[in-house]
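A.B. asks: Would you mind keeping the following structure in view while I ask a few things?
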Amino acid sequence: MTSLPSILVGMLLLSIFLLGALTLRLAAKARQQHRSIEQLNEALKRSREYAEQQQTKLALRSDLDSVKDEFISTVSHELRTPLTSIRGALGLLSAGLLGNVDAKAQNLLRIASSNTERLIRLINDILDLERMESGRAALKLRRCSIQDLAREAVDTMAPMAEGVGIHLELICNAPRETIYFDADPDRILQVITNLLSNAIKFSPAGTTVSVQIDSDTNSVLLKVVDHGRGIPADKLEVVFGRFQQVEASDASKKGGTGLGLAICRSIIQQHGGAIWAQPNVSGLGTTLWVQLSRSARASDTALPSLIGAPGERGEGLILVCDDDAGIREVVAEQLRQHGYDILQAGSGEEVLAIAGEQAAKARSKASVHPVSAILLDLYMPGLSGWETLQRLKESPATKAIPVVILSVIPSSDRTLLASEAQGWVQKPFNENLLLAELGRVLRAKGMPGHILLVEQDQELAKEILAGFREAGVPMDHASTLQQAVDRCLLGPPDLLILDVMLPDGDGFSLVDWLRRQPGLHALPLVVYSSREISQAEMARLRLGPTHFFDKAKVKPREVEERVLTMVSRLRNNSPAAIVA
Amino acid sequence: MTHERLVTVMRLILIIDDEDDIREVAALSLEATAGWEIITASSGPDGIQAAANPKRKPHAILMDVMMPGMDGPTTFRQMQQNPEIAGIPVLLLTAKVQGVDQRRFADLGVAGVLFKPFDPLTLAAQISQALGWKD
């Protein structure tokens with residue numbers, strides 16, 4: 001049996017030991033805290049230095065911009081001055097106002113005159129393009145009617161068309177209430193006029209150049225269709241470059257500057273839209289497409305139903321990532337003013353960490369919200385925007401977060417846009433376009449997959465459409481090949497139901513076309529046909545995950561069920577999982 | 001000159017430009033297309049002096065913007081100080097097309113801004129239009 005004193009001594013020893021341990025732990029904690037404070041101080045210092053660097057960088061950039069501005073302005077002035085004398089002298093001589101000249105001299109005067117005009121256009125175009133690409137030609141946005149603008153352009157170009165025996169027509173397929181959109185009318189008019197001028201120049205006499213207008217809730221689509229010599233497949237994108245023409249001799253023969261389409265693309269991109277060229281389905285001639293978002297800003301006219309007007313309050317937690325602290329702060333402030341909550345990241349690594357952390361917190365705590373959307377810069381030191389995007393999509397915790405790219409790169413790289421990022425805003429950005437794009441992406445998130453039905457049998461189409469409407473899944477219908485192509489370009493569907501027989505072609509040509517489209521080549525496809533399809537034909541019809549149903553054997557109801565299963569998988573998983 | 005002119009209203013226009021060639025071309029153009037009478041000056045101060053001549057008071061002044069020494073806008077402001085000249089409408093002729101410049105000129109209170117390179121066949125018409133001349 002242990003004696004009382006020995007117990008007391010034991011307790012005393014234990015107390016001393018505990019006290020010692022406690023003291024040691026407290027000391028360690030104090031050291032740790034001291035370290036964290038030091039770390040914080042260090043981080044603060046670094047970020048202050050960084051902010052200063054960025055300030056200097058920004059100031060330097062704006063200095064450079066004004067020097068460049070001044071230079072361009074001076075050069076254009078210096079070129080215009082001698083041109084004024086040349087143009088004046090030649091103009092007066094060739095008009096015969098100073099006495100008649102013989103035919104040979106007249107011809108030389110004509111050559112000199114027309115080349116002077118070309119040089120003047122060239123200088124104007126270069127200046128125009130430079131100002132737009134530097135982002136210093138601000139858009140004067142207002143509500144306009146695409147139909148009125150197209151009408152004005154057609155009227156302007158009518159004399160030129162008449163002179164070379166070309167018929168101009170304007171077809172408006174858009175319902176009255178969706179022809180309005182937000183844009184700088186002068187700039188859009190410049191684009192349409194330029195496209196018409198090109199179409200007229202490259203079309204043979206006796207043909208028709210047609211301007212067609214389509215629209216839906218979100219965008220307006222304008223096409224200029226010609227029946228000219230067409231653009232070879234390898235030049236479809238090249239023609240939008242500077243000084244790029246299909247034939248090297250075009251500039252001198254057609255009097256163009258080689259900058260027209262580059263200017264058009266610049267204008268359209270500044271509006272947040274897209275412009276591209278495509279051979280006509282008939283194989284003859286070219287179609288130039290212009291797609292513009294309808295709501296670039298809060299509507300100030302009588303169109304209350306306008307979906308996605310950024311005038312509405314935003315909601316959600318937005319992670320803004322840019323390595324430039326200045327840009328980040330500007331974006332954050334604009335979004336805050338519209339009701340968004342903001343997190344900021346200065347690098348791709350930070351984006352991954354913050355988005356992941358936020359997702360983990362949100363799972364365990366109801367009061368914490370996961371990131372609703374990410375605004376992502378592409379060019380960043382360390383992990384680039386592209387790599388960040390890929391990693392986000394690889395991680396189950398973050399792959400459902402929509403990403404809007406905010407980059408100096410134009411959205412013409414549609415491969416990237418369609419496959420990984422949900423939205424795109426080009427820098428220097430317009431606040432309204434940014435809000436509109438973010439709003440669109442946030443609304444699209446979590447919506448059921450969007451289905452396109454390509455079916456020429458109207459009765460059957462009605463039946464299928466009704467079935468999906470009941471299920472609450474949005475579905476568009478196209479009854480011809482051309483309509484299907486138009487629909488896909490207006491807004492890529494998430495799934496396609498296709499009849500092989502079409503009045504103006506067949507399902508094979510549509511699939512061939514889709515395969516060549518970036519972002520559409522892996523579309524989930526359901527072929528629903530009344531005609532026997534051989535193994536070889538099946539191979540030709542395969543797109544993304546593809547299923548074949550025979551109209552004679554499988555009822556629309558069953559197709560609907562199968563498609564709905566595909567859609568729900570599409571909603572929860574990546575498209576690749578649909579095959580399983 | 002072989003062309004017959006139907007224009008009967010005589011106009012006297014003062015052209016101020018430091019470029020000899022441009023003065024000559026502009027003068028020829030206005031004489032040949034509209035039959036106007038032209039006097040020229042190669043600098044701002046010379047222009048003010050020419051405009052102030054009571055025997056040959058111009059109906060309008062066409063003046064370059066960028067000139068060595070006194071530029072167009074400065075010359076214009078000085079003209080406004082002189083009651084003899086202040087009433088004569090002034091059109092600026094500029095090779096700059098930047099929107100900022102255009103707004104700056106409009107703010108000066110000039111009667112209009114025309115652009116270089118001008119079309120010699122329509123220059124007179126552009127001047128008439130800017131000044132609201134019906135003849």
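The values are calculated or read from the model by the stated rules, or taken from the named source; none is laboratory data. This structure is a prediction, so every number in the text was calculated from the model and none was measured. When we count neighbours, we look across all protein chains shown, and the Cβ atoms used for this are built from the backbone with ideal geometry, even at glycine.
A.B. asks: Can you confirm whether A:GLN54 is more than 14 Å from chain B (Cβ to nearest Cβ), in contact with a helix residue (DSSP H, G or I) (Cβ under 7 Å, 6 or more places away or on another chain) and modelled with pLDDT of 85 or more?
C.D. replies: On the way: more than 14 Å from chain B (Cβ to nearest Cβ): yes; in contact with a helix residue (DSSP H, G or I) (Cβ under 7 Å, 6 or more places away or on another chain): yes; modelled with pLDDT of 85 or more: no.
No; evaluated as a whole, the condition is false for this residue.
A.B. asks: Next question, about the same structure. Scan region A:191-248 for residues that are closer than 13 Å to A:HIS167 by Cα and acidic (Asp, Glu) and jot them down.
C.D. replies: A:ASP226, the sole residue that qualifies.
A.B. asks: Considering region B:25-43 alone, what residues qualify as being more than 13 Å from the chain's Cα centre (by Cα), more than 8 Å from every other protein chain (Cβ to nearest Cβ) and either among the aromatic types (Phe, Trp, Tyr) or part of a helix (DSSP H, G or I) (or both)?
C.D. replies: B:GLU31, B:ALA34
A.B. asks: Run down A:THR178, A:THR116, A:THR193 and say which single residue is closer than 24 Å to A:GLY258 by Cβ, away from every other protein chain (no Cβ under 14 Å) and crowded, with 17+ Cβ neighbours inside 10 Å. Outline the logic, then answer.
C.D. replies: On the way: A:THR178 fails: closer than 24 Å to A:GLY258 by Cβ; A:THR116 fails: away from every other protein chain (no Cβ under 14 Å).
Selected residue: A:THR193, the only one of A:THR178, A:THR116, A:THR193 that is closer than 24 Å to A:GLY258 by Cβ, away from every other protein chain (no Cβ under 14 Å) and crowded, with 17+ Cβ neighbours inside 10 Å.
A.B. asks: Moving on. Looking at (1) modelled with pLDDT of 85 or more; (2) farther than 24 Å from A:GLU133 by Cβ; (3) hydrophobic (A, V, I, L, M, F, W, C), which is the one condition that is false for A:LEU303?
C.D. replies: All conditions are met except number (1).
A.B. asks: Checking B:ILE13 against (1) within 30 Å of A:ASN100 (Cβ to Cβ); (2) in contact with a helix residue (DSSP H, G or I) (Cβ under 7 Å, 6 or more places away or on another chain); (3) in a helix (DSSP H, G or I), which single condition isn't satisfied?
C.D. replies: Failed condition: (3).
A.B. asks: Pick from A:ARG151, A:ARG131, A:ARG142: which is within 14 Å of chain B (Cβ to nearest Cβ) and basic (Lys, Arg)? Show your work before the answer.
C.D. replies: On the way: A:ARG151 fails: within 14 Å of chain B (Cβ to nearest Cβ); A:ARG142 fails: within 14 Å of chain B (Cβ to nearest Cβ).
So the residue among A:ARG151, A:ARG131, A:ARG142 that is within 14 Å of chain B (Cβ to nearest Cβ) and basic (Lys, Arg) is A:ARG131.
A.B. asks: Just wondering, is there one or more residues in region A:80-96 that are outside any helix (DSSP H, G or I), surrounded by 10 or more Cβ atoms within 10 Å (Cβ to Cβ) and aliphatic (A, V, I, L, M)? Step through it out loud before you land on a result.
C.D. replies: Kept after step one, since they are outside any helix (DSSP H, G or I), are these residues of region A:80-96: A:95-96.
Add one more test, that the residue is surrounded by 10 or more Cβ atoms within 10 Å (Cβ to Cβ), and what stays is A:95-96.
After this cut, where a residue has to be aliphatic (A, V, I, L, M) as well, the list is A:95.
Checked region A:80-96: at least one residue is outside any helix (DSSP H, G or I), surrounded by 10 or more Cβ atoms within 10 Å (Cβ to Cβ) and aliphatic (A, V, I, L, M).
A.B. asks: While we're looking at this one, here's another question. Checking A:LEU4 against (1) among the aliphatic types (A, V, I, L, M); (2) at pLDDT below 75; (3) closer than 30 Å to B:PHE118 by Cα, only one condition comes out false. Which one?
C.D. replies: The one condition A:LEU4 does not meet is (3).
A.B. asks: In addition: Kindly establish whether A:THR74 is under 30 Å from B:ALA34 (Cα atoms), within 12 Å of another protein chain (Cβ to nearest Cβ) and part of a helix (DSSP H, G or I). Give the steps one after another, and end with the answer.
C.D. replies: On the way: under 30 Å from B:ALA34 (Cα atoms): no; within 12 Å of another protein chain (Cβ to nearest Cβ): yes; part of a helix (DSSP H, G or I): yes.
No.
A.B. asks: Given the criteria farther than 21 Å from A:GLY258 by Cβ, at the interface with chain B (Cβ under 9 Å from one of its Cβ atoms) and in contact with a Pro (Cβ under 8 Å, 6 or more places away or on another chain), does A:GLY88 qualify? Working first, answer last.
C.D. replies: Numbers: farther than 21 Å from A:GLY258 by Cβ: yes; at the interface with chain B (Cβ under 9 Å from one of its Cβ atoms): yes; in contact with a Pro (Cβ under 8 Å, 6 or more places away or on another chain): yes.
Yes.
A.B. asks: Only one of (1) loosely packed, with under 15 Cβ neighbours inside 10 Å; (2) more than 8 Å from chain B (Cβ to nearest Cβ); (3) more than 45 Å from the chain's Cα centre (by Cα); (4) of a type outside the set (D, E, K, R) fails for A:GLY99. Which number is that?
C.D. replies: Among (1) loosely packed, with under 15 Cβ neighbours inside 10 Å; (2) more than 8 Å from chain B (Cβ to nearest Cβ); (3) more than 45 Å from the chain's Cα centre (by Cα); (4) of a type outside the set (D, E, K, R), the lone unmet condition for A:GLY99 is (2).
A.B. asks: Looking at (1) more than 10 Å from the chain's Cα centre (by Cα); (2) free of Cβ contacts under 8 Å to residues at least 40 places away in the same chain; (3) within 14 Å of another protein chain (Cβ to nearest Cβ), which one does B:VAL65 not meet, given that it meets all the others?
C.D. replies: (2)
A.B. asks: Now for a different question. Has region A:143-155 got at least one residue that is farther than 27 Å from B:PRO117 by Cα, at pLDDT 85 or above and among the small types (Gly, Ala, Ser)?
C.D. replies: yes
A.B. asks: If the Cβ limit is 8 Å and pairs must be 6+ apart or interchain, which residue in region B:109-130 that is within 9 Å of chain A (Cβ to nearest Cβ) pairs with which residue that is basic (Lys, Arg)?
C.D. replies: As it stands, the answer is B:LYS116/A:ARG80; B:PRO117/A:ARG80; B:PRO117/A:ARG87; B:PHE118/A:ARG87; B:ASP119/A:ARG87; B:PRO120/A:ARG87, since those pairs meet every condition given.
A.B. asks: Filter region A:102-147 for residues that are in contact with a strand residue (DSSP E or B) (Cβ under 9 Å, 6 or more places away or on another chain) and within 13 Å of A:ILE86 (Cα to Cα) and give the result.
C.D. replies: none
A.B. asks: Can you tell me which residue within region B:68-98, out of those that are assigned to a strand (DSSP E or B) and modelled with pLDDT of 90 or more, is farthest from the other protein chains (Cβ to nearest Cβ)?
C.D. replies: We begin by selecting, within region B:68-98, every residue assigned to a strand (DSSP E or B); these are B:90-94.
Remaining after also requiring modelled with pLDDT of 90 or more: B:90-93.
Details: B:VAL90: 19, B:LEU91: 15, B:LEU92: 14, B:LEU93: 9 Å.
Ranking the qualifying residues of region B:68-98, first place goes to B:VAL90.
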